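Down below is the structure, laid out as C-alpha coordinates.
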Amino acid sequence: MKKLINKPENALDEMLEGMTKAYPTYLRRLDQTDVLVRQDLSADKVGVVSGGGSGHEPAHCGYIGKGMLDAAVAGAIFTSPTPDQIYEAIKAVDRGKGVLLVIKNYSGDVMNFDMAKEMAEMEGIQVASVVVNDDVAVENSTFTAGRRGIAGTVLVHKIAGAAAERGWDLDKVKETAEKVIANERSMGMALSPCTVPAAGKPNFSLAEDEIEIGIGIHGEPGTHREKLVSADAITQELFDRILADYPLKSGDEVAVMVNGLASTPLMELYIINKKVHELLEGLGVTVHQTFVGEYMTALEMAGMSITILKLDSDLKMLLDDTADTPALKVIGTK
Amino acid sequence: MAELNQIIGALRLMAETIEKNKEHLTELDGAIGDGDHGINMSRGFAFVKETLDKGGFQNAGDLFKKCGMALVAHVGGASGPLYGTAFLRAAMVLKDREDVHAADYVQILKDAAEGIKMRGKSDRGEKTMLDALIPAYEAAADAVQQGKSAQEILNAAKVAAAEGAVGTEKLVAQKGRASYLGERSIGHQDPGAASAALVLAAVADYFAAEK
(Lines give C-alpha, C1' and ligand atoms only; values in the text may rest on other atoms or scores of the structure.)
Protein backbone atom coordinates (compact mmCIF):
# COMPACT_ATOMS: atom_id res chain seq x y z
CA MET A 1 0.00 0.00 0.00
CA LYS A 2 1.43 3.34 -1.07
CA LYS A 3 -0.59 6.20 0.43
CA LEU A 4 -0.01 9.64 1.88
CA ILE A 5 -1.54 8.94 5.25
CA ASN A 6 -0.23 8.83 8.80
CA LYS A 7 -2.17 6.06 10.50
CA PRO A 8 -5.15 4.37 8.84
CA GLU A 9 -7.26 4.89 11.96
CA ASN A 10 -6.60 8.64 11.91
CA ALA A 11 -7.28 9.20 8.20
CA LEU A 12 -10.90 10.29 8.58
CA ASP A 13 -10.29 12.68 11.45
CA GLU A 14 -7.23 14.25 9.83
CA MET A 15 -9.02 14.64 6.51
CA LEU A 16 -11.96 16.44 8.18
CA GLU A 17 -9.55 18.73 10.03
CA GLY A 18 -7.79 19.49 6.77
CA MET A 19 -11.05 20.24 4.98
CA THR A 20 -12.18 22.51 7.79
CA LYS A 21 -8.92 24.45 7.56
CA ALA A 22 -9.16 24.63 3.76
CA TYR A 23 -12.69 26.04 3.64
CA PRO A 24 -13.29 27.98 6.87
CA THR A 25 -15.69 30.38 5.17
CA TYR A 26 -17.83 27.50 3.91
CA LEU A 27 -17.94 25.00 6.73
CA ARG A 28 -17.15 24.11 10.32
CA ARG A 29 -16.92 20.84 12.21
CA LEU A 30 -19.48 20.06 14.90
CA ASP A 31 -17.59 19.36 18.13
CA GLN A 32 -16.97 15.70 18.92
CA THR A 33 -18.46 14.51 15.63
CA ASP A 34 -17.57 13.74 12.04
CA VAL A 35 -20.22 16.19 10.88
CA LEU A 36 -19.38 19.27 8.84
CA VAL A 37 -21.93 22.07 8.80
CA ARG A 38 -22.39 25.09 6.56
CA GLN A 39 -21.12 28.36 8.03
CA ASP A 40 -23.82 30.68 6.68
CA LEU A 41 -26.88 28.60 7.57
CA SER A 42 -29.86 30.49 6.25
CA ALA A 43 -32.55 31.05 8.82
CA ASP A 44 -35.49 30.40 6.60
CA LYS A 45 -35.14 27.29 4.52
CA VAL A 46 -35.38 23.52 4.48
CA GLY A 47 -32.10 21.90 5.57
CA VAL A 48 -30.42 19.47 3.18
CA VAL A 49 -28.18 16.81 4.72
CA SER A 50 -26.25 14.00 3.09
CA GLY A 51 -23.37 11.74 3.98
CA GLY A 52 -22.03 8.26 3.75
CA GLY A 53 -18.80 6.37 4.01
CA SER A 54 -15.63 8.34 3.35
CA GLY A 55 -13.28 7.67 0.47
CA HIS A 56 -15.52 9.39 -2.12
CA GLU A 57 -14.15 12.90 -1.70
CA PRO A 58 -15.13 15.56 -2.48
CA ALA A 59 -18.44 13.79 -1.70
CA HIS A 60 -20.10 14.67 0.49
CA CYS A 61 -18.46 17.36 2.60
CA GLY A 62 -17.20 19.25 -0.45
CA TYR A 63 -20.76 20.07 -1.43
CA ILE A 64 -21.53 22.10 1.67
CA GLY A 65 -22.45 25.66 0.82
CA LYS A 66 -25.01 27.90 -0.80
CA GLY A 67 -27.34 26.04 -3.13
CA MET A 68 -26.30 22.55 -2.10
CA LEU A 69 -25.82 20.89 1.32
CA ASP A 70 -26.22 22.37 4.79
CA ALA A 71 -24.37 19.49 6.45
CA ALA A 72 -22.61 16.28 5.55
CA VAL A 73 -21.86 13.31 7.78
CA ALA A 74 -18.66 11.39 7.14
CA GLY A 75 -18.51 7.71 8.07
CA ALA A 76 -15.36 5.63 8.26
CA ILE A 77 -13.92 4.72 4.87
CA PHE A 78 -16.58 2.90 2.84
CA THR A 79 -18.71 2.53 6.00
CA SER A 80 -21.99 4.27 6.76
CA PRO A 81 -21.98 6.94 9.46
CA THR A 82 -23.90 6.02 12.60
CA PRO A 83 -27.38 7.39 13.47
CA ASP A 84 -26.17 9.48 16.42
CA GLN A 85 -23.89 11.45 14.07
CA ILE A 86 -26.57 11.89 11.42
CA TYR A 87 -28.98 12.98 14.15
CA GLU A 88 -26.51 15.69 15.25
CA ALA A 89 -26.35 16.95 11.66
CA ILE A 90 -30.14 17.08 11.41
CA LYS A 91 -30.40 19.01 14.68
CA ALA A 92 -27.67 21.43 13.63
CA VAL A 93 -29.36 22.47 10.36
CA ASP A 94 -33.04 22.36 11.28
CA ARG A 95 -34.51 25.84 11.23
CA GLY A 96 -38.09 24.73 11.83
CA LYS A 97 -38.77 24.12 8.15
CA GLY A 98 -37.67 20.51 8.21
CA VAL A 99 -34.71 18.61 6.85
CA LEU A 100 -34.24 16.50 3.72
CA LEU A 101 -31.83 13.55 3.91
CA VAL A 102 -30.18 12.49 0.65
CA ILE A 103 -29.10 8.86 1.04
CA LYS A 104 -27.17 6.66 -1.38
CA ASN A 105 -28.77 3.24 -1.72
CA TYR A 106 -26.58 0.98 0.39
CA SER A 107 -28.21 -1.18 3.09
CA GLY A 108 -26.07 0.28 5.88
CA ASP A 109 -26.65 3.89 4.84
CA VAL A 110 -30.40 3.41 4.47
CA MET A 111 -30.72 1.77 7.91
CA ASN A 112 -28.56 4.32 9.71
CA PHE A 113 -30.19 7.36 8.09
CA ASP A 114 -33.69 5.92 8.69
CA MET A 115 -32.88 5.46 12.32
CA ALA A 116 -31.55 9.00 12.66
CA LYS A 117 -34.72 10.23 10.95
CA GLU A 118 -36.83 8.44 13.57
CA MET A 119 -34.73 9.85 16.39
CA ALA A 120 -35.14 13.38 15.05
CA GLU A 121 -38.87 12.88 14.54
CA MET A 122 -39.15 11.77 18.17
CA GLU A 123 -37.72 15.20 19.04
CA GLY A 124 -40.32 16.91 16.86
CA ILE A 125 -38.12 17.70 13.86
CA GLN A 126 -39.77 17.22 10.47
CA VAL A 127 -37.55 14.96 8.36
CA ALA A 128 -37.98 13.59 4.84
CA SER A 129 -35.58 11.36 2.94
CA VAL A 130 -34.80 10.26 -0.59
CA VAL A 131 -32.67 7.31 -1.66
CA VAL A 132 -30.51 7.70 -4.77
CA ASN A 133 -30.12 4.57 -6.93
CA ASP A 134 -28.79 5.81 -10.26
CA ASP A 135 -26.37 2.99 -11.12
CA VAL A 136 -27.88 0.78 -13.87
CA ALA A 137 -25.03 -1.76 -13.76
CA VAL A 138 -26.30 -4.32 -11.26
CA GLU A 139 -29.19 -5.11 -8.95
CA ASN A 140 -28.30 -6.38 -5.44
CA SER A 141 -24.55 -6.29 -4.99
CA THR A 142 -22.14 -6.51 -2.07
CA PHE A 143 -23.61 -3.69 -0.04
CA THR A 144 -26.97 -3.17 -1.69
CA ALA A 145 -30.52 -4.33 -2.07
CA GLY A 146 -31.58 -2.84 -5.39
CA ARG A 147 -29.46 -0.46 -7.41
CA ARG A 148 -26.49 1.44 -6.03
CA GLY A 149 -26.28 5.18 -5.61
CA ILE A 150 -23.23 6.73 -7.29
CA ALA A 151 -22.27 10.02 -8.95
CA GLY A 152 -25.86 10.98 -9.74
CA THR A 153 -26.16 11.76 -6.03
CA VAL A 154 -24.24 15.00 -6.65
CA LEU A 155 -26.92 16.20 -9.09
CA VAL A 156 -29.54 15.45 -6.41
CA HIS A 157 -27.52 17.60 -4.00
CA LYS A 158 -27.33 20.36 -6.59
CA ILE A 159 -31.00 20.45 -7.50
CA ALA A 160 -32.54 19.71 -4.08
CA GLY A 161 -30.13 22.26 -2.60
CA ALA A 162 -31.26 24.89 -5.08
CA ALA A 163 -34.93 24.12 -4.40
CA ALA A 164 -34.31 24.54 -0.66
CA GLU A 165 -32.38 27.76 -1.28
CA ARG A 166 -35.36 29.15 -3.19
CA GLY A 167 -37.44 28.67 -0.04
CA TRP A 168 -39.52 25.75 -1.30
CA ASP A 169 -41.16 23.70 1.45
CA LEU A 170 -40.02 20.25 2.54
CA ASP A 171 -42.60 18.34 0.49
CA LYS A 172 -41.68 20.22 -2.66
CA VAL A 173 -37.93 19.87 -2.09
CA LYS A 174 -38.39 16.13 -1.57
CA GLU A 175 -40.59 15.82 -4.65
CA THR A 176 -37.96 17.63 -6.70
CA ALA A 177 -35.18 15.36 -5.42
CA GLU A 178 -37.32 12.36 -6.29
CA LYS A 179 -37.81 13.69 -9.80
CA VAL A 180 -34.03 13.94 -10.26
CA ILE A 181 -33.65 10.35 -9.04
CA ALA A 182 -36.39 9.16 -11.40
CA ASN A 183 -34.83 10.99 -14.37
CA GLU A 184 -31.14 10.11 -13.95
CA ARG A 185 -29.07 7.04 -14.71
CA SER A 186 -25.36 6.31 -14.32
CA MET A 187 -22.85 3.59 -15.03
CA GLY A 188 -19.15 3.30 -14.37
CA MET A 189 -16.05 1.26 -15.14
CA ALA A 190 -12.62 0.73 -13.60
CA LEU A 191 -9.09 0.46 -14.96
CA SER A 192 -7.51 -0.30 -11.59
CA PRO A 193 -8.68 -1.14 -8.04
CA CYS A 194 -8.48 0.81 -4.79
CA THR A 195 -7.12 -0.02 -1.34
CA VAL A 196 -8.96 0.68 1.91
CA PRO A 197 -6.17 1.88 4.27
CA ALA A 198 -7.20 -0.40 7.14
CA ALA A 199 -7.23 -3.42 4.80
CA GLY A 200 -3.84 -2.58 3.32
CA LYS A 201 -4.35 -4.38 0.03
CA PRO A 202 -6.49 -3.83 -3.07
CA ASN A 203 -10.03 -5.16 -2.87
CA PHE A 204 -9.79 -6.81 -6.29
CA SER A 205 -7.24 -7.13 -9.05
CA LEU A 206 -7.29 -6.48 -12.76
CA ALA A 207 -4.76 -7.63 -15.33
CA GLU A 208 -2.73 -4.93 -17.07
CA ASP A 209 -4.96 -5.06 -20.18
CA GLU A 210 -8.24 -5.71 -18.33
CA ILE A 211 -11.10 -3.41 -17.25
CA GLU A 212 -14.24 -3.99 -15.19
CA ILE A 213 -17.51 -2.67 -16.55
CA GLY A 214 -20.20 -1.60 -14.11
CA ILE A 215 -17.89 -1.36 -11.10
CA GLY A 216 -19.27 0.14 -7.88
CA ILE A 217 -17.66 3.06 -6.04
CA HIS A 218 -16.33 0.68 -3.36
CA GLY A 219 -14.84 -1.71 -5.88
CA GLU A 220 -17.91 -3.96 -5.77
CA PRO A 221 -18.16 -6.22 -8.79
CA GLY A 222 -19.79 -4.90 -11.91
CA THR A 223 -21.31 -6.81 -14.79
CA HIS A 224 -18.19 -8.26 -16.40
CA ARG A 225 -14.51 -7.87 -17.23
CA GLU A 226 -13.17 -7.35 -20.68
CA LYS A 227 -9.99 -6.44 -22.51
CA LEU A 228 -9.21 -2.76 -22.62
CA VAL A 229 -10.68 -1.16 -25.73
CA SER A 230 -10.78 2.45 -26.94
CA ALA A 231 -12.32 5.28 -24.92
CA ASP A 232 -15.01 5.65 -27.58
CA ALA A 233 -15.93 1.97 -27.42
CA ILE A 234 -16.12 2.01 -23.60
CA THR A 235 -18.22 5.18 -23.69
CA GLN A 236 -20.53 3.62 -26.27
CA GLU A 237 -20.96 0.53 -24.06
CA LEU A 238 -21.86 2.51 -20.91
CA PHE A 239 -24.04 4.90 -22.92
CA ASP A 240 -25.99 2.01 -24.46
CA ARG A 241 -26.61 0.46 -21.04
CA ILE A 242 -27.83 3.78 -19.65
CA LEU A 243 -30.15 4.43 -22.58
CA ALA A 244 -31.47 0.87 -22.56
CA ASP A 245 -32.72 1.64 -19.07
CA TYR A 246 -33.85 5.20 -19.70
CA PRO A 247 -34.54 5.86 -23.39
CA LEU A 248 -34.13 9.40 -24.69
CA LYS A 249 -35.69 10.84 -27.79
CA SER A 250 -35.00 13.68 -30.17
CA GLY A 251 -35.79 17.01 -28.52
CA ASP A 252 -35.02 15.87 -24.99
CA GLU A 253 -32.74 18.05 -22.89
CA VAL A 254 -30.23 16.56 -20.47
CA ALA A 255 -27.40 17.28 -18.05
CA VAL A 256 -24.26 15.17 -18.37
CA MET A 257 -21.77 14.28 -15.67
CA VAL A 258 -18.49 12.55 -16.52
CA ASN A 259 -17.06 11.63 -13.15
CA GLY A 260 -13.50 10.52 -12.48
CA LEU A 261 -13.02 7.84 -9.81
CA ALA A 262 -9.82 9.60 -8.64
CA SER A 263 -6.84 8.33 -10.66
CA THR A 264 -8.12 9.19 -14.12
CA PRO A 265 -6.57 12.23 -15.79
CA LEU A 266 -8.94 15.00 -16.79
CA MET A 267 -7.67 14.58 -20.34
CA GLU A 268 -9.27 11.15 -20.45
CA LEU A 269 -12.50 12.41 -18.88
CA TYR A 270 -12.74 15.11 -21.58
CA ILE A 271 -12.20 12.47 -24.27
CA ILE A 272 -15.11 10.49 -22.78
CA ASN A 273 -17.20 13.64 -22.60
CA LYS A 274 -16.63 14.40 -26.28
CA LYS A 275 -18.01 11.00 -27.21
CA VAL A 276 -21.00 11.30 -24.86
CA HIS A 277 -21.93 14.60 -26.50
CA GLU A 278 -21.56 13.12 -29.99
CA LEU A 279 -23.80 10.19 -29.08
CA LEU A 280 -26.45 12.51 -27.63
CA GLU A 281 -26.27 14.86 -30.61
CA GLY A 282 -26.73 11.83 -32.85
CA LEU A 283 -30.05 11.20 -31.12
CA GLY A 284 -31.12 14.83 -31.37
CA VAL A 285 -30.79 15.30 -27.61
CA THR A 286 -29.61 18.71 -26.36
CA VAL A 287 -27.07 18.94 -23.54
CA HIS A 288 -28.09 21.80 -21.27
CA GLN A 289 -25.21 21.53 -18.81
CA THR A 290 -22.09 19.38 -18.47
CA PHE A 291 -19.98 18.51 -15.44
CA VAL A 292 -16.58 16.93 -16.01
CA GLY A 293 -14.33 16.23 -13.03
CA GLU A 294 -13.97 14.29 -9.82
CA TYR A 295 -17.30 14.43 -8.02
CA MET A 296 -17.76 10.98 -6.46
CA THR A 297 -14.47 9.14 -6.23
CA ALA A 298 -13.45 5.70 -4.98
CA LEU A 299 -10.18 6.26 -3.09
CA GLU A 300 -7.42 5.92 -5.73
CA MET A 301 -9.38 3.86 -8.24
CA ALA A 302 -8.81 4.64 -11.91
CA GLY A 303 -11.94 4.71 -13.99
CA MET A 304 -14.99 6.86 -14.50
CA SER A 305 -18.75 6.96 -14.56
CA ILE A 306 -21.20 8.63 -16.88
CA THR A 307 -24.45 10.13 -15.58
CA ILE A 308 -27.28 11.41 -17.75
CA LEU A 309 -30.15 13.39 -16.22
CA LYS A 310 -33.19 14.25 -18.28
CA LEU A 311 -34.33 17.79 -17.56
CA ASP A 312 -37.62 19.67 -17.58
CA SER A 313 -38.04 23.41 -17.10
CA ASP A 314 -37.98 23.22 -13.28
CA LEU A 315 -34.90 21.03 -13.18
CA LYS A 316 -33.12 23.29 -15.69
CA MET A 317 -33.88 26.35 -13.62
CA LEU A 318 -32.63 24.70 -10.41
CA LEU A 319 -29.53 23.32 -12.07
CA ASP A 320 -28.69 26.83 -13.30
CA ASP A 321 -29.13 28.41 -9.84
CA THR A 322 -26.02 29.46 -7.97
CA ALA A 323 -24.06 26.79 -6.15
CA ASP A 324 -21.14 28.05 -4.13
CA THR A 325 -19.39 25.11 -2.48
CA PRO A 326 -15.75 24.01 -2.25
CA ALA A 327 -16.22 21.27 -4.88
CA LEU A 328 -18.91 22.58 -7.20
CA LYS A 329 -19.57 26.12 -8.31
CA VAL A 330 -22.29 27.34 -10.63
CA ILE A 331 -22.76 31.06 -11.17
CA GLY A 332 -26.46 31.69 -11.54
CA THR A 333 -28.87 34.56 -11.22
CA LYS A 334 -30.42 33.11 -8.05
CA MET B 1 -41.43 -7.63 39.00
CA ALA B 2 -37.96 -6.26 38.39
CA GLU B 3 -36.66 -2.96 39.68
CA LEU B 4 -34.27 -0.60 37.96
CA ASN B 5 -31.13 -1.93 39.66
CA GLN B 6 -32.05 -5.48 38.65
CA ILE B 7 -32.50 -4.46 35.03
CA ILE B 8 -29.10 -2.79 35.18
CA GLY B 9 -27.71 -6.06 36.53
CA ALA B 10 -29.26 -8.02 33.68
CA LEU B 11 -27.84 -5.59 31.11
CA ARG B 12 -24.44 -5.92 32.74
CA LEU B 13 -24.57 -9.70 32.41
CA MET B 14 -25.67 -9.22 28.78
CA ALA B 15 -22.53 -7.17 28.11
CA GLU B 16 -20.32 -9.76 29.85
CA THR B 17 -21.95 -12.61 27.90
CA ILE B 18 -21.31 -10.88 24.58
CA GLU B 19 -17.69 -10.20 25.56
CA LYS B 20 -17.24 -13.86 26.55
CA ASN B 21 -18.65 -15.03 23.21
CA LYS B 22 -16.81 -12.52 21.03
CA GLU B 23 -14.63 -15.14 19.33
CA HIS B 24 -17.53 -17.51 18.82
CA LEU B 25 -19.67 -14.84 17.11
CA THR B 26 -16.77 -13.74 14.96
CA GLU B 27 -16.18 -17.33 13.85
CA LEU B 28 -19.84 -17.73 12.91
CA ASP B 29 -19.70 -14.48 10.94
CA GLY B 30 -16.40 -15.44 9.33
CA ALA B 31 -18.10 -18.46 7.76
CA ILE B 32 -20.91 -16.59 6.00
CA GLY B 33 -20.39 -12.84 6.52
CA ASP B 34 -17.50 -10.44 6.85
CA GLY B 35 -16.30 -11.82 10.18
CA ASP B 36 -16.74 -8.76 12.36
CA HIS B 37 -19.95 -9.50 14.29
CA GLY B 38 -18.20 -10.51 17.53
CA ILE B 39 -15.83 -7.55 17.41
CA ASN B 40 -18.60 -5.08 16.63
CA MET B 41 -20.96 -6.45 19.28
CA SER B 42 -18.31 -6.55 22.01
CA ARG B 43 -17.27 -2.97 21.18
CA GLY B 44 -20.90 -1.84 21.36
CA PHE B 45 -21.62 -3.65 24.61
CA ALA B 46 -18.42 -2.30 26.16
CA PHE B 47 -20.01 1.13 25.69
CA VAL B 48 -23.27 -0.20 27.17
CA LYS B 49 -21.24 -1.20 30.22
CA GLU B 50 -19.70 2.25 30.35
CA THR B 51 -23.20 3.74 30.18
CA LEU B 52 -24.33 1.51 33.05
CA ASP B 53 -21.27 2.53 35.11
CA LYS B 54 -22.09 6.20 34.57
CA GLY B 55 -25.62 5.67 35.88
CA GLY B 56 -28.02 8.56 36.48
CA PHE B 57 -31.05 6.91 34.84
CA GLN B 58 -34.39 8.62 35.38
CA ASN B 59 -36.32 5.40 34.81
CA ALA B 60 -36.27 2.10 32.90
CA GLY B 61 -37.15 3.82 29.63
CA ASP B 62 -34.27 6.25 30.02
CA LEU B 63 -31.97 3.32 30.82
CA PHE B 64 -32.85 1.49 27.60
CA LYS B 65 -32.68 4.68 25.56
CA LYS B 66 -29.14 5.44 26.76
CA CYS B 67 -27.99 1.85 26.22
CA GLY B 68 -29.65 1.83 22.79
CA MET B 69 -27.81 5.00 21.85
CA ALA B 70 -24.53 3.42 22.96
CA LEU B 71 -25.19 0.47 20.65
CA VAL B 72 -26.27 2.68 17.76
CA ALA B 73 -23.15 4.81 18.06
CA HIS B 74 -20.60 2.03 18.50
CA VAL B 75 -21.67 -1.29 16.98
CA GLY B 76 -21.70 -0.09 13.38
CA GLY B 77 -22.57 -2.16 10.32
CA ALA B 78 -26.13 -3.43 10.12
CA SER B 79 -26.15 -4.83 13.67
CA GLY B 80 -25.81 -1.34 15.19
CA PRO B 81 -29.09 0.03 13.87
CA LEU B 82 -30.85 -3.32 14.35
CA TYR B 83 -29.87 -3.78 18.01
CA GLY B 84 -30.26 -0.05 18.55
CA THR B 85 -33.80 -0.24 17.20
CA ALA B 86 -34.60 -3.15 19.53
CA PHE B 87 -33.36 -1.20 22.56
CA LEU B 88 -35.16 1.99 21.56
CA ARG B 89 -38.40 0.02 21.11
CA ALA B 90 -37.88 -1.34 24.64
CA ALA B 91 -37.33 2.24 25.80
CA MET B 92 -40.71 3.21 24.34
CA VAL B 93 -42.47 0.30 26.09
CA LEU B 94 -40.85 1.34 29.38
CA LYS B 95 -41.26 5.09 28.98
CA ASP B 96 -41.45 6.74 32.45
CA ARG B 97 -41.54 3.35 34.17
CA GLU B 98 -39.63 2.50 37.35
CA ASP B 99 -40.20 -1.28 37.23
CA VAL B 100 -40.75 -3.99 34.65
CA HIS B 101 -43.21 -6.87 34.69
CA ALA B 102 -43.33 -10.13 32.77
CA ALA B 103 -46.01 -8.70 30.48
CA ASP B 104 -43.65 -5.81 29.64
CA TYR B 105 -40.97 -8.30 28.69
CA VAL B 106 -43.32 -9.93 26.22
CA GLN B 107 -44.27 -6.54 24.82
CA ILE B 108 -40.59 -5.61 24.48
CA LEU B 109 -39.85 -8.80 22.55
CA LYS B 110 -42.80 -8.13 20.29
CA ASP B 111 -41.99 -4.49 19.60
CA ALA B 112 -38.28 -5.22 19.19
CA ALA B 113 -39.06 -7.89 16.60
CA GLU B 114 -41.45 -5.52 14.78
CA GLY B 115 -38.83 -2.76 14.82
CA ILE B 116 -36.14 -5.05 13.44
CA LYS B 117 -38.49 -6.35 10.75
CA MET B 118 -39.15 -2.80 9.64
CA ARG B 119 -35.55 -1.60 9.88
CA GLY B 120 -34.03 -4.60 8.14
CA LYS B 121 -36.97 -5.12 5.76
CA SER B 122 -36.84 -8.74 6.80
CA ASP B 123 -39.00 -11.45 8.35
CA ARG B 124 -38.84 -14.85 9.96
CA GLY B 125 -37.20 -17.62 7.93
CA GLU B 126 -34.60 -15.41 6.24
CA LYS B 127 -31.73 -16.51 8.50
CA THR B 128 -31.48 -13.40 10.66
CA MET B 129 -31.77 -12.46 14.33
CA LEU B 130 -35.55 -12.53 13.84
CA ASP B 131 -35.34 -16.33 13.72
CA ALA B 132 -34.29 -16.25 17.38
CA LEU B 133 -36.35 -13.26 18.48
CA ILE B 134 -39.77 -14.13 17.06
CA PRO B 135 -39.84 -17.67 18.54
CA ALA B 136 -38.68 -16.15 21.84
CA TYR B 137 -41.60 -13.73 21.78
CA GLU B 138 -44.08 -16.49 20.95
CA ALA B 139 -42.77 -18.76 23.69
CA ALA B 140 -42.85 -15.96 26.26
CA ALA B 141 -46.37 -14.96 25.23
CA ASP B 142 -47.49 -18.60 25.55
CA ALA B 143 -45.93 -18.86 28.98
CA VAL B 144 -47.84 -15.74 30.08
CA GLN B 145 -51.07 -17.23 28.70
CA GLN B 146 -50.47 -20.37 30.71
CA GLY B 147 -50.01 -18.33 33.86
CA LYS B 148 -46.35 -19.33 34.28
CA SER B 149 -44.02 -17.56 36.73
CA ALA B 150 -41.81 -14.66 35.65
CA GLN B 151 -38.71 -16.88 35.69
CA GLU B 152 -40.49 -19.51 33.58
CA ILE B 153 -41.40 -16.81 31.07
CA LEU B 154 -37.77 -15.64 30.82
CA ASN B 155 -36.59 -19.24 30.50
CA ALA B 156 -39.13 -19.98 27.77
CA ALA B 157 -37.80 -17.05 25.75
CA LYS B 158 -34.20 -18.15 26.33
CA VAL B 159 -34.83 -21.74 25.20
CA ALA B 160 -36.88 -20.75 22.15
CA ALA B 161 -34.27 -18.20 21.06
CA ALA B 162 -31.46 -20.75 21.39
CA GLU B 163 -33.44 -23.31 19.40
CA GLY B 164 -34.29 -20.69 16.82
CA ALA B 165 -30.62 -19.71 16.47
CA VAL B 166 -29.55 -23.33 15.96
CA GLY B 167 -32.44 -23.72 13.53
CA THR B 168 -30.97 -21.04 11.28
CA GLU B 169 -28.37 -23.63 10.20
CA LYS B 170 -31.03 -25.15 7.97
CA LEU B 171 -32.03 -21.84 6.39
CA VAL B 172 -30.81 -20.12 3.24
CA ALA B 173 -29.67 -16.57 4.01
CA GLN B 174 -31.80 -13.94 2.29
CA LYS B 175 -30.57 -10.77 3.98
CA GLY B 176 -27.20 -9.17 4.46
CA ARG B 177 -23.91 -10.24 3.04
CA ALA B 178 -24.60 -13.93 3.77
CA SER B 179 -27.34 -13.84 1.12
CA TYR B 180 -24.72 -13.73 -1.64
CA LEU B 181 -23.78 -17.26 -0.65
CA GLY B 182 -27.31 -18.49 -1.34
CA GLU B 183 -27.51 -22.27 -0.79
CA ARG B 184 -23.94 -22.30 0.47
CA SER B 185 -25.12 -20.54 3.66
CA ILE B 186 -26.89 -23.75 4.71
CA GLY B 187 -25.13 -25.57 7.55
CA HIS B 188 -23.97 -22.36 9.20
CA GLN B 189 -25.66 -20.67 12.13
CA ASP B 190 -26.60 -17.04 11.61
CA PRO B 191 -24.35 -14.89 13.84
CA GLY B 192 -27.12 -12.32 14.46
CA ALA B 193 -29.52 -15.03 15.64
CA ALA B 194 -26.74 -16.42 17.83
CA SER B 195 -26.06 -13.07 19.48
CA ALA B 196 -29.79 -12.42 19.98
CA ALA B 197 -30.08 -15.79 21.75
CA LEU B 198 -27.13 -14.88 23.98
CA VAL B 199 -28.73 -11.56 24.91
CA LEU B 200 -32.00 -13.24 25.93
CA ALA B 201 -30.14 -16.00 27.76
CA ALA B 202 -28.35 -13.37 29.84
CA VAL B 203 -31.68 -11.89 30.97
CA ALA B 204 -33.00 -15.29 32.11
CA ASP B 205 -29.68 -16.27 33.69
CA TYR B 206 -29.39 -13.04 35.66
CA PHE B 207 -32.77 -13.44 37.33
CA ALA B 208 -32.27 -17.19 37.87
CA ALA B 209 -28.99 -16.48 39.68
CA GLU B 210 -30.66 -13.84 41.81
CA LYS B 211 -33.13 -16.34 43.29
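The values are calculated or read from the model by the stated rules, or taken from the named source; none is laboratory data. These figures come from a predicted structure and were not determined experimentally. Here Cβ is always computed from backbone atoms with ideal geometry, including for glycine, and neighbour counts include all displayed protein chains. Only protein heavy atoms, including side chains, enter the accessible area calculation; ligands, DNA and RNA are left aside. Shrake-Rupley method; radii C 1.70, N 1.55, O 1.52, S 1.80 Å.
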3 or more residues open to solvent by 30 Å² or more (accessible area, probe 1.4 Å): qualifying strands (runs of 3 or more DSSP E) within the range A:250-310: A:286-293
Filter result for the condition that a residue is touching a residue at least 40 places away in the same chain (Cβ under 8 Å), among the charged types (D, E, K, R) and surrounded by fewer than 24 Cβ atoms within 10 Å (Cβ to Cβ), over A:K2, A:K66: A:K66
Residue within the range B:32-44 that is more than 17 Å from A:T79 (Cβ to Cβ), over 15 Å from the mean Cα position of the chain (by Cα) and surrounded by fewer than 23 Cβ atoms within 10 Å (Cβ to Cβ) present: no
Selection count where residues are open to solvent by less than 40 Å² (accessible area, probe 1.4 Å) and either more than 13 Å from the chain's Cα centre (by Cα) or at the interface with chain A (Cβ under 10 Å from one of its Cβ atoms) (or both), scope the range B:80-98: 9
Residue that is farthest from the chain's Cα centre (by Cα) [pool: residues in the range A:91-137 that are among the β-branched types (V, I, T) and within 14 Å of another protein chain (Cβ to nearest Cβ)]: A:V110
Matching option when the condition is small (G, A, S), within 24 Å of B:V75 (Cβ to Cβ), crowded, with 16+ Cβ neighbours inside 10 Å and touching a residue at least 12 places away in the same chain (Cβ under 8 Å), among B:A150, B:A156, B:A141, B:A194: B:A194
In the range A:65-80, residue farthest from the other protein chains (Cβ to nearest Cβ) [restricted to those that are in a loop (DSSP other than H, G, I, E, B) and modelled with pLDDT under 95]: A:F78
Residue selected from the range B:115-129 under the condition free of Cβ contacts under 8 Å to residues at least 40 places away in the same chain and not in a loop (DSSP other than H, G, I, E, B), by the criterion farthest from the other protein chains (Cβ to nearest Cβ): B:K117
Set A:P83, A:P58, A:P8: member being touching a residue at least 24 places away in the same chain (Cβ under 8 Å) and not assigned by TED's automatic domain parsing to the domain that holds A:V131: A:P8
Some residue of the range B:101-110 being open to solvent by less than 10 Å² (accessible area, probe 1.4 Å) and within 13 Å of chain A (Cβ to nearest Cβ): no
